[in-house]
Each structure stands twice: as structure tokens, then as C-alpha cells.
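The structure appears below as C-alpha cells.
Taken together, the values in this text are just the output of simple stated rules run on the coordinates, not laboratory data. Worth saying up front: this structure is predicted, and the values here are computed from it rather than measured. Cβ placement follows ideal geometry from the backbone for every residue including glycine, while neighbour counts extend to all protein chains displayed.
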Number of protein chains: 2
Amino acid sequence: MSREVLVIALGGNAIKQADQRGTTEEQFHNVDVTAKQIAKIAKAGYRLVVTHGNGPQAGALLIQQEESDALVPAQTLAVCGAMTQGQVGWMMQNRLGFRLKQEGIKTPICTVVTQVEVSDQDPDFRDPSKPVGPFYTKEEALHLAKTKGYVVKEVKPGIEKGWRRVVPSPEPVDIVEKESINDLLNGGVIVIASGGGGIPVKKNGDGSYSGVEAVIDKDRAGFKLAQAVKADKFLILTDVEKVYLNFNKPEQKVLDRLTVKESEAHLEEGHFLAGSMGPKIEAAIRFVRWSGKEAIITSLDKALEAVEGKTGTHILP
Amino acid sequence: MSREVLVIALGGNAIKQADQRGTTEEQFHNVDVTAKQIAKIAKAGYRLVVTHGNGPQAGALLIQQEESDALVPAQTLAVCGAMTQGQVGWMMQNRLGFRLKQEGIKTPICTVVTQVEVSDQDPDFRDPSKPVGPFYTKEEALHLAKTKGYVVKEVKPGIEKGWRRVVPSPEPVDIVEKESINDLLNGGVIVIASGGGGIPVKKNGDGSYSGVEAVIDKDRAGFKLAQAVKADKFLILTDVEKVYLNFNKPEQKVLDRLTVKESEAHLEEGHFLAGSMGPKIEAAIRFVRWSGKEAIITSLDKALEAVEGKTGTHILP
């Protein structure tokens, strides 16, 4: 097939908005809005692989694991990750199926439960950085550290419940299910994969994989996915139409096109927030360096226009 | 390809045993034991589609949804079903991947998040029959009926917590993701699909599917899956090596081979328990009637021997 392959990385707002509680109904509504936009891109002729975050869903599951631990055993973080792939994958394939149908497209959609390999030598295992789950008081946090072996940190100094569990956020090394993902894509299927950055696994001496208590950045994993399917374009959707320098300051400057070198320079100058625009720019740089092709950062509602070159921030070789 | 396609339906004990709490570690251990047996069948040359129950996993999730409802919104039963597909699918593909590797087999494995269509005209919607989630006192049950609209029933009369929520268990009509499942199978992939009987959805007037609060019997859904992939054999794994007449009575009689007519007669005579051997025999009958081929009921540890005709109960045209 000659049609271009596009990997789309969806941000958290595509599934749950910050001001929502996160009921099933709310999430289906948001996913439907997202599905309409993705269906337009499919209609324009692109072959699609979709990945997504799972922060709010995994956060809710982690709270549920803790609250009910006396009644049913809390499952590990890796299992919660697998659960959210089922949850968000279903919502997405369900609504996207309908929105494609409305566009007259019969392409099947398949959610692939995806493991992503990490190295247990990754430096982040020595100094975990990614906060997960609920906020705790200092006493609660230290108790959990003692009883469950959690690494805890004060992430919001000065407030009572300012502590959280932190877990490693290691680099993704490989998409374990890449062969199946490619089979499906080559068979004309729209694939939803590597949700929440993938289920993090490490490779053991005997060749088996074990789940690890970690969270992989979804944009970094999105790049590995783009690599695995040899994507022609990597589209990162977030809540802004374009990337800015000096964002929210008087001297704010919009960026339409950026070379890899310019992007790296801006990144070093600290223009992009860690945990927000930073990882997106990094993932985009990696993709463009590797592929010699284009990565695009834009908002959900401008996705197709951005793919067509009409808006968004385009990162180029 | 000429190799035979085998659909394997795994019972609950393949994932969590009745005397276990259901920690992640326990479940991985059980799944590994299962994976060893499935790997032997793969090595014997069969192309495999695996489906599984989710009773204990969904039960645990439902308890967690209720216990934490004040903190995070309880997700629907359909979402919990989707979550368990991610959870069990991951555990299975993880351990099966390893056990195949040990047998020198490189076949990829893929878990497909699967929706199964039901009819909202199904009679079970008028008289729900399937108990789900925790046990309640009468007062708790009636309170939930009032506040959440649950249908509740006294399922164990005479004991204090003898009440449960009951949901419909409608007939599966179609496997929504059958095209992707066949793509993967034809591409040489071992597919894990329709876990927990599938995520139950109904078709709306506009062509969209919505999740419904129901549970589809996994053996019935297993038959629909066998139909969707045109299976050559349908293997139902449970905790007994063979099916018996007058089970656990002095006149107990083992069954090696049964025709469809004999099976139906025994079923009518009430030899097989509803919710236990009954649905397995029914699903086997449906498969044999439809395909003119063979269904086999046996235990996990005898799976390959049964496929080779050396043991198990074989249901034939």
C-alpha cells in the first residue's frame, strides 16, 4: 500500500478533562469528540496507529486498589496499566468505529494490549521521578514507604497532602507486540496500541518479560511505536494549536516550523515545561532525527488541518 | 495455511483458584501453568485462538468500584469487563510468549480488546439471572436497588449476606472485532480474544454500539468466536478430565464420546449443572451442530492429549 502511515499520540484531555470527575459517561463523551477528529484524518486517506495517555484512569485505579486492599488484593501498577489499555482502548475503538461509519469508512479498528520493554539498568530506577496515584500527608506517605516499599516524595511543599508515590519513568527500548501491530496495519486495520506508554516490562535472563513498577512517558513510547511501524508522520495532539516560545509572557512567540537543531536549542534554553511540552518536543525531535520526516504538534480540533500543513507546529530535519 | 484452527476456552481456575485471594503474583503463577499447556498445543502445530473467563477479576474490580465511589467515580460493568480483558490478556500473552519461546516457537501473540454484540430484546434483559459483584445484606441490597437502579436478588436464602446484584446474561449475537481477529490469525499470530465473554454492546439505531450492563457467558461467546474464525476444533477447558453422568453419585458414568443427540438428551435430563457443566455442553453442542466438527471438554493438564484423542469428552455430530 502506498498510503502514508500516521502515528497519533493523544493527550489526557482526549479522554478525561481536568474539571471532570471521570465518569464512564464523561469519558465516552470526550473520546467521541476525539474520534470525530481521527475519523476525518482516516477519511483523508491516512493509515492510522493511535496511542494515548492513561494518567487519570491509572490514577483512579490506583486509588481504588488502595481503598479496597482489605477486601481484595491491590493489583500492581503494571496490571493497572494493562487494565487502562482495555478501558481506554475499548472506548476509543467503540466511538471511532461509529465515527468512521458515519464518514462511510469500513476500516476495522483493533486495540492491541501492548508491552513495552525497558532496561532495569535505566538510571530512573535509581532515582524515581514520576508521581503516580493519590496525594498523601507526610505520615501516610512514610507509612506506605515502610509497609509497601513505595518511594515517596514531597511534590507540593507546604500543603498538608503534598506527598505522592514516585515511580521510575524509564526509556522505552522496544515495543514487544510490534509484529502484530504491523500485521494489523498492513491488513488495513486502524490500530490502537501502547496505551499509557505501554505496560512496562523488563527482559529477564531466561528470555521472559516481567512487569515492572514504572510508568513510561507516552510520547516517548509513541516515538518507539512510530519507529516500529515506520511512520511517515508523527502527530502529537495536545491542548494548544501551536507551540510557543516564552509561553504566556508578553514576548510570547508562535512557532510554525522548527528544525531539529532549533528545537534542541529551545529545549536547552528551558522554553518547554518538563512533564508538559518538553517530552512532546523531545519525542518529536527523536522521530525527525530517526526518520528524516516530519513531526507535528497541535490541538485535537486542528489535527487534520495540521496534517495538511495548514496549522500546528511542524518539526523538520 | 492448512494447519487446523483450535479455539480454546479457559475456565476461571486457569487464572485464579478458588482458595486464592487473587494477588497479581498468584494470578501470574496460574496463568503460567496454563501457558505451558497451551504452548504444547501450539508446538503440535495448531493455530490458536484463546478465550477466557473473568469472573474473579471482574468481581474484584466491582468491589473496588463500590468501595471508592466517594473518591473516584465507579465505572460501569462494561468498562470493568474491558479492564479485565487488558489485565488477563496481558498476563496470558506475557507468560504464553515465554513458554512458546521455551518450546522454540516464535509465533507472536496478540490480545484483541473485543466487543460482543447482544440484542436488547434478549429475554434475559427482562429477568436478569447472572449474579455479579459482592454479597450484600438485604438492607444494603435494597438500598443499592433504590440508589443505583440495580436489580438485586436473594441468591443464598437464610444467610445474612445472601443478596447480590443480578444482571442479564444475553445471548452473544456477533463478535464485533472478528475481522481483526481473522487478520491476525491468518498472519500466523496466536490471538487472545473475547475475554470474559466479551464487552457486551447493543447496536443502536444510528449504527453505533453502546456498552450494556450485562455479562455474556464465556462458553457461549467462545462458540461465536469459534464460528467467527471457522475453527476446526473447539476445546473447552475446565477442572475435570472428562464429563460424567450422575456426577459424584455411586452410579457415576464417564463419557468419552457423545453425539449431539445424546448430549441434548443428557442435558434435558438435568445431568449438567447450570452455571457449571451445563453451559459448556450447550456451547459444545452449538459448535458441533454448526460445524459438523468436534468439540472437546477436558481439564487444562490433559489439553493436548485430549486434542490428540487420547482423553477428554468428545462431542461429535
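Along the axis of the charge dipole computed for chain A (Cβ charges of +1 for Lys and Arg, -1 for Asp and Glu, origin at the Cα centre), the listed residues A:Q227, A:I38, A:I15 are led at the positive end by A:I38. Take the alpha-carbon centre of segment B:62-108, take the same for segment A:1-51, and report the distance between them in whole Å. Taking the Cα centre of segment A:1-51 as reference, the centre of segment B:62-108 is 22 Å away.
Shown for A:T147: label points 7 Å from Cα along the beta-carbon vector, and their distances to the equivalent points in the other copies, 2.5 nm in ascending order.
Averaged over the residues of peptide B:63-72, the number of Cβ atoms from other protein chains lying within 10 Å of each residue's Cβ is 6. Computed over neighbours whose Cβ is under 11 Å from that of B:M92, the net charge equals +1, Lys and Arg +1, Asp and Glu -1. Look at the alpha carbon pairs under 8 Å that are at least 6 residues apart: their mean separation over the length of segment B:214-317 gives a relative contact order of 37 percent. Annotation: peptides B:105-118, B:53-66, A:9-22, ranked by per-residue average of other Cβ atoms within 10 Å with the highest first, follow the order B:105-118, B:53-66, A:9-22. Within straight-line reach of A:K310, meaning a Cα separation under 16 Å, sit the following aspartates and glutamates at least 8 residues removed in sequence or on another chain: A:E241, A:D256, A:E294, A:D301. Taking the label point 7 Å along Cα→Cβ, A:R257 and its counterparts in the other copies are spaced 7.6 nm apart, in ascending order. On a 0 to 90 degree scale, rounded to 10, what angle separates helix A:138-148 from the longest Cα axis of chain A? On a 0 to 90 degree scale, this one is about 90. In the structure shown, the pairs A:K148/B:K36; A:K130/A:K224; B:K36/B:K106; A:K203/B:K36; A:K161/A:K249 are assessed against 24 Å; a Cα-Cα span above that value is assigned to A:K148/B:K36; A:K161/A:K249. Need one number: % antiparallel among DSSP beta bridges in the protein assembly as shown, to the nearest 5. Taking every DSSP beta bridge within the protein assembly as shown, about 40 percent pair in antiparallel fashion. DSSP assigns beta bridges within chain B; of those with both partners inside it, close to 40 percent run antiparallel. Counting only alpha carbon atoms, the long axis of helix A:55-67 and the longest principal axis of chain A meet at about 20°.
Which is farthest toward the positive dipole end of the protein assembly as shown among B:N246, A:V173, B:L62, measuring Cα position about the Cα centre, with Cβ charges +1 (Lys, Arg) and -1 (Asp, Glu)? Result: A:V173, furthest along the dipole toward the positive end. Nearest-to-axis residue in chain A, judged by Cβ distance to the rotation axis that brings A onto B and given in whole Å, is A:G86, 1. Full extension of the chain segment joining B:E25 with B:E154 gains 43.1 nm, where the gain is 0.36 nm per residue of separation less the Cα-Cα distance. With R₀ set to 45 Å, the beta-carbon distance separating B:E171 from B:V33 gives a calculated FRET efficiency near 0.90.
Taking amide H as placed 1.01 Å from N in the peptide plane, B:V50 has its amide H under 5 Å from the amide H of B:I8, B:V191, B:I192, B:A193, each at least 5 places away in sequence or on another chain.
Only DSSP H runs of four or more residues enter the estimate; each adds -39500 (n - 2.57), and after division by the residues of chain A the mean residue ellipticity at 222 nm equals -12000 deg cm²/dmol.
Each copy carries a label point for A:Q102 at 7 Å from Cα toward Cβ; from one copy, the others' points are 5.0 nm away, ordered from shortest.
With the simple spin-label model, which puts each label point 7 Å out from Cα in the Cβ direction, the A:R257 to B:H143 separation comes to 6.6 nm. Here r is the Cβ-Cβ distance between B:D232 and A:E305 and R0 is 60 Å; the resulting FRET efficiency, rounded to 0.05, is 0.75.
For every other residue with a beta carbon closer than 12 angstrom to the beta carbon of B:A295, add +1 if it is Lys or Arg and -1 if Asp or Glu, then tell me the sum. Once positives and negatives cancel, what remains is +2.
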